[in-house]
Ligand SMILES: NC(=O)c1ccc[n+]([C@@H]2O[C@H](COP(=O)([O-])OP(=O)(O)OC[C@H]3O[C@@H](n4cnc5c(N)ncnc54)[C@H](OP(=O)(O)O)[C@@H]3O)[C@@H](O)[C@H]2O)c1
């Protein structure tokens with residue numbers, strides 16, 4: 001079975017590739033802008049086809065002969081019109097699915113797509129889901145909650161200011177999930193042909209528990225042996241910080257709107273928490289083995 005994975009070098013794509021390889025699937029086509037970090041997969045037989053996912057011709061060419069597409073939409077962070085670009089990315093996927101007769105698609109989406117109220121960046125994923133639903137493929141949308149890996153975006157604030165700076169209150173609570181757990185499920189569904197036949201499925205993924213941003217900060221503080229508070233910053237400051245990291249004004253606004261939806265409780269699951277929606281990795285484990293070591297490995301933590 002030939003499986004293609006997009007955004008293969010990203011925080012969501014890398015664990016998908018790892019999980020497929022661990023399951024013994026080496027007939028992989030990895031779509032990425034460069035093969036620089038993909039050597040381990042290449043050694044095991046995977047093929048990298050480099051290009052831009054906004055280019056439908058590239059996506060069609062790269063996915064020729066593919067049975068299963070694991071579609072991970074990259075975030076159009078620097079785009080002046082990100083929602084349009086989400087649509088273009090969805091069109092690339094749909095174009096390739098139709099042109100190459102791809103029968104099965106696993107789309108790594110996000111929680112909140114069911115909501116009709118504005119939820120920032122979630123609107124982009126909603127557009128992609130809608131476009132994919134218009135293809136004849138059998139589609140599974142995975143909608144993970146708040147990815148623990150989002151904390152990698154605030155590492156600099158932690159090092160520099162000694163605090164987690166986000167435009168959301170420490171009391172706000174989210175279902176937190178490790179990207180590796182969502183990736184495992186994506187790989188399992190992609191390789192499980194017994195499930196064939198259903199046209200469209202949606203799985204929300206809630207991680208092992210809901211957790212507040214304040215409690216998340218306490219867990220990190222405990223691991224680092226110093227107080228790293230969660231500080232709610234105003235939306236304007238959040239937008240400035242994102243702009244300093246190359247985010248377009250329009251994309252930064254979508255991120256801030258998403259955090260406002262988290263803050264107000266609007267961004268919430270559609271499906272009740274159950275064994276079917278739960279995944280294993282607790283936030284404590286992510287902090288202990290991934291986040292805290294990354295923070296310790298770099299420069300000392302600054303004032304607060
Ligand atoms: N529910 C949630 O909490 C949620 C949902 C979705 C995403 N996120 C967060 O979003 C952040 C980003 O995740 P990520 O690293 O997987 O995604 P990403 O930064 O958007 O990038 C994914 C990968 O796609 C590649 N890429 C970007 N634009 C491309 C294009 N036009 N054509 C081809 N390849 C392209 C990048 O390659 P290069 O190596 O060339 O840059 C990158 O490695 C993470 O913090 C994640 O947790 C959170």
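Of the listed requirements (1) in contact with a strand residue (DSSP E or B) (Cβ under 9 Å, 6 or more places away or on another chain); (2) within 11 Å of the ligand (Cβ to nearest atom); (3) more than 23 Å from residue 168 (Cβ to Cβ); (4) without any contact (Cβ under 8 Å) to a residue 40 or more places away in the chain, residue 88 misses just one: (1). Could you list, ordered by first residue, the pairs with Cβ atoms under 6 Å in which the first is in segment 48-74 and within 24 Å of residue 143 (Cα to Cα) and within 11 Å of the ligand (Cβ to nearest atom) and the second is part of a strand (DSSP E or B) and modelled with pLDDT of 95 or more, at least 6 apart or interchain? Note: pairs meeting the criteria are 72/108. A residue that is within 29 Å of residue 84 (Cα to Cα) and within 13 Å of the ligand (Cβ to nearest atom) can be found somewhere in segment 21-31. Remark: pairs (first residue in segment 121-149, over 25 Å from residue 290 (Cβ atoms); second residue within 16 Å of the ligand (Cβ to nearest atom) and part of a strand (DSSP E or B); Cβ separation under 6 Å; 6+ apart in sequence or on different chains) = 129/141; 132/107; 140/106; 141/107; 141/202. Applying the criterion of being in contact (Cβ under 8 Å) with a residue 12 or more places away in the chain and surrounded by fewer than 16 Cβ atoms within 10 Å (Cβ to Cβ) to the residues of segment 246-264, the residue that is nearest to residue 156 (Cα to Cα) is 246.
Looking only at helices (runs of 4 or more DSSP H) that fall completely inside segment 1-105, which ones have 2 or more residues that are within 20 Å of the chain's Cα centre (by Cα)?
It comes to 13-22, 82-100.
If you go through segment 1-20 and pick out every residue that is more than 19 Å from residue 100 (Cβ to Cβ) and near the ligand (Cβ under 9 Å from one of its atoms), you end up with 6.
The values are calculated or read from the model by the stated rules, or taken from the named source; none is laboratory data. As the structure is a computational prediction, the values presented were derived from the model and not from experiment. Every residue, glycine among them, receives a Cβ derived from its backbone with ideal geometry; neighbour counts consider all protein chains shown.
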